[in-house]
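The values are calculated or read from the model by the stated rules, or taken from the named source; none is laboratory data. Quantities reported herein were computed from a predicted structural model and do not represent experimental measurements. Glycine gets a Cβ as well: all are built from the backbone with ideal geometry, and neighbour counts include every protein chain shown. All accessible areas refer to the heavy atoms of the entire protein, side chains included, with ligands and DNA or RNA removed. Shrake-Rupley method; radii C 1.70, N 1.55, O 1.52, S 1.80 Å.
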Amino acid sequence: MTYWFAVGQLSCAVVSDGQMEPPLAPPLETFFTPGTGVPDLDLREALAAEGQGRTMLKCGYNCLLVETPDGRAVIDTGLGARFLGYGPRIEPLVGRLGGQLAEAGAAELSAVLFTHLHQDHARGATWSGELTFPGATGFAHAAEVAFWSAPGRSPQDDEHRPAALEAIRLFGDRLRSFESGDEILPHVRAVDAAGHTPGHTAFVLESRGDRLLCAGDTFYDSLQLSHPRWRTPWDQDAGRSVLSRRRLLGWAADENLLVHAYHMPFPGLGRVERHGRAFRWVPAG
């Protein structure tokens, strides 16, 4: 699945690495748990208030292709082919980014930007043991590279660590680190979104007055807009993740930004509105 659109003069496309549909989609109760401050009753009441009768996260892997003056770039790369980490039934559903880019005539990339180095964002760039896009320069936040590269930890300490280390190793000196606020490519700027991981980054695309906020894992589901304090087990700094989410959602709502949400149902494009003391998601279209 590929969805083309424009941000000012920038030609862009959401390119799906796959999407998990029910019954293979992950249960919401594994994302919002008592251990992360979401009691079972609160989750049930929130779902009842939605009135949709759902129990699962319709989990997309929405990579973002951007045609910049410096060449084609993709933000995040999905899980990649031959991924068995979520069980063999999942394997056919993911790993489609390379094929989708080839079909779109955009297989040659000059840059790969990572919101962070979790496996569902980075493995698509390295799944074969070699760089999927050998001509591309990689970009990751300096704090992200430092965190995953820190000595004294086993690759088994975290399910995401092997993929992060593989990306760092394979890109080698072609992995450029950046800081929040940096312009990574023409019209593409890094924005602090730390908390989910130490270097978790959002990106803002801006051209001719149009802007898009690429939010990464700032939120997984619309429930985190109606309940922005809700965290997930993958948020490494829970308090900071909530602060980042509130700040970015408030900015998107107040300035009417188009938002790209990595895990929302394809194409993951929409806008954020304030709703009382929280927010709500309005899909684009």
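The selection criterion, being touching a residue at least 40 places away in the same chain (Cβ under 8 Å) and either more than 28 Å from Pro34 (Cβ to Cβ) or assigned to a loop (DSSP other than H, G, I, E, B) (or both), holds for Asp221. Scanning segment 60-76 turns up no residue that is of a type in the set (S, T, N, Q) and open to solvent by 50 Å² or more (accessible area, probe 1.4 Å).
The residues of segment 130-142 that are open to solvent by 10 Å² or more (accessible area, probe 1.4 Å) and in contact (Cβ under 8 Å) with a residue 24 or more places away in the chain, listed by number, are Glu130, Leu131, Thr132, Phe133, Gly135, Thr137, Phe139, His141, Ala142. For segment 116-125, the criterion of being free of Cβ contacts under 8 Å to residues at least 40 places away in the same chain, touching a Ser or Thr at 6+ places or on another chain (Cβ under 9 Å) and under 30 Å from His275 (Cβ atoms) is satisfied by no residue at all. Against the list (1) open to solvent by 70 Å² or more (accessible area, probe 1.4 Å); (2) of a type in the set (D, E, K, R); (3) free of Cβ contacts under 8 Å to residues at least 24 places away in the same chain, the condition Asp182 fails is (1).
Regarding segment 82-104, can at least one residue be identified that is on the phi > 0 side of the Ramachandran plot, in a loop (DSSP other than H, G, I, E, B), in contact with a strand residue (DSSP E or B) (Cβ under 7 Å, 6 or more places away or on another chain) and in contact (Cβ under 8 Å) with a residue 60 or more places away in the chain? The answer is yes, given that some residue of segment 82-104 is on the phi > 0 side of the Ramachandran plot, in a loop (DSSP other than H, G, I, E, B), in contact with a strand residue (DSSP E or B) (Cβ under 7 Å, 6 or more places away or on another chain) and in contact (Cβ under 8 Å) with a residue 60 or more places away in the chain.
Of all the numbered requirements in (1) more than 20 Å from Thr77 (Cβ to Cβ); (2) in contact (Cβ under 8 Å) with a residue 24 or more places away in the chain; (3) not aliphatic (A, V, I, L, M), Pro151 misses one, and that requirement is (2).
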